[in-house]
1. Among residues belonging to the stretch 269-286 that are in a loop (DSSP other than H, G, I, E, B) and touching a Leu at 6+ places or on another chain (Cβ under 9 Å), point out the one that is nearest to Val332 (Cα to Cα).
2. Restricting the first residue to the stretch 219-243 and requiring it to be in contact (Cβ under 8 Å) with a residue 24 or more places away in the chain, which pairs with a second residue that is among the polar types (S, T, N, Q) meet a Cβ separation below 7 Å and a spacing of at least six or different chains?
3. Go through (1) over 20 Å from Ala29 (Cβ atoms); (2) assigned to a helix (DSSP H, G or I); (3) at pLDDT below 65; (4) not acidic (Asp, Glu) one by one and return the number of the condition Leu149 breaks.
4. Of the residues Leu88, Leu111, Leu118, which is of a type in the set (A, V, I, L, M, F, W, C) and either over 30 Å from Val187 (Cα atoms) or assigned to a loop (DSSP other than H, G, I, E, B) (or both)?
5. Which of (1) more than 25 Å from Glu282 (Cα to Cα); (2) at pLDDT 95 or above is the odd one out, the single condition Leu337 does not satisfy?
6. Quick check on Leu218: is it under 26 Å from Leu251 (Cβ atoms), modelled with pLDDT of 90 or more and not assigned by TED's automatic domain parsing to the domain that holds Asp315?
7. Among the residues of the stretch 1-38, what is the count of those that are within 28 Å of the chain's Cα centre (by Cα) and among the β-branched types (Val, Ile, Thr)?
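The values are calculated or read from the model by the stated rules, or taken from the named source; none is laboratory data. The structure presented is a predicted model; accordingly, all values stated were derived computationally and were not measured. No Cβ is skipped: glycine too gets one built from the backbone with ideal geometry, and neighbour counts run over all protein chains shown.
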Amino acid sequence: MLFLSQVIGKPVLDRHGEPFGKVRDLIVALGEQYPPVTGLVVRVASGRDIFLPWSDVEEFDTSRARLHTSSIDITSFRQRPNEIRLYLDLLDKQIVDVEGRKIVRVNDIQLAPVRERLRLVAVDVGLAGILRRLGLSGPGEGLARALRLPIENYIEWEEVDPVESSVSSLKLRVPHQALATLHPADVAHIVEQLAPRDRTGILASLDDERAADVIEELSAEDQVDVLEALPPETAADILDEMGPDDAADLLADLSEERKTELLGLMEPEEASDVRELLTYAEDTAGGLMTKDFITISPDETAQRGIDRLRELQPDANHVYYLYVTDGEGMLVGTITLRGLIIADPDTTVREFTRPEPISVTVDTDADEVARAIARYNLLALPVVDEEGRMQGVVTVDDAMERALGEGWRKRLPEIFEPVEEK
């Protein structure tokens, strides 16, 4: 095993044993489980940094690097795509500990021969890395053990995601694949620990749907900060993936200029729904409702209703109920998903519709909406206009967030989310 701190600054010798420079950095090529070292950055006597390919290295240990050639290319070093410099880009930088779901600092870097190549295998985020760099490994570790302090803490590279943007193109080279395995709430917790520039780097690297899920888990203040900082096209794509009600709530807190810009970049259909929601006051049913709901005609069969669900593939929290409307869009009843499934396929919807559904108008006070949902034990409450035409639905989570305050969903189990397939 080697550590980066043990080899930085060590002499580099040619094949005759003559020194011509010192190890300035190690280059690794990303893309493999354990990235291989592809070369050294060497500081020569003139003060210039040159690159030596790993194929030129014959011996490499904690005392020196020895080459098997005396023919040295003194071309200045240029970093290539998909490469990082361990000393410059990774040491002392923040990373995501995917297993521990937290931000940690890299104190040293562990290297080891794997499959006949020297490779990056782990990062040291513990006290041992600091002591090693200070030259106090022996006495320091002895004192730490006497004080019962944790010393070693290594994270395998496959469980790491770099997050700092000190190298401007690093984010483009390193898709945050490991973060994609975490729950959006865990990613949001990580994002909240980062500086603003690094937050946008992570979110921009996720796919739009995943980024939307993460942003919805952030506090309202952080949501606004992130959406203001993201490139406009990226922010608009993420808003397209959010529920119209959530997108409207977020846009309502942005500057008028930014809001107009993002609405103009969103998909026309999504933007239209969001614009409509923005016309309602925050503390009304219209301000709480979402436009994501499913209507069905009373003359359709149960089988046709199931076929439509397959075609639409709605989110799980939008199929608590299906709303029965007539040809003019008037709400005449509701059916449950269970009722639709157990009905005879040829049965018409009107035969198992619940008539005279509980509903509210778009200008109903938000507190009254929450009370109605609680009183009638509903998972969603339909919202109609003054004539009774279906306009949207208020889901139980949005109503309770209004009643109990922001963040209540983070403290309670997400009982209405579907179990993910293994």
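1. Step by step, filter the stretch 269-286, then rank; the result is Tyr280.
2. Note: pairs meeting the criteria are Val226/Thr200; Ala229/Thr200; Leu230/Thr200; Gly243/Thr290.
3. Only one criterion in (1) over 20 Å from Ala29 (Cβ atoms); (2) assigned to a helix (DSSP H, G or I); (3) at pLDDT below 65; (4) not acidic (Asp, Glu) is unmet by Leu149, namely (2).
4. Leu118
5. Leu337 satisfies every listed condition except (2).
6. Yes.
7. Qualifying residue count, the stretch 1-38: 2.
Residues are listed down the side, and each one gets a yes or a no for (1) of a type in the set (Lys, Arg); (2) within 24 Å of Leu322 (Cβ to Cβ); (3) more than 30 Å from the chain's Cα centre (by Cα):
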position	(1), (2), (3)
Glu256	no, no, no
Lys259	yes, no, no
Leu262	no, no, no
Leu265	no, no, no
Pro268	no, no, no
Glu276	no, yes, no
Glu282	no, no, no
Lys291	yes, yes, no
Ser297	no, yes, yes
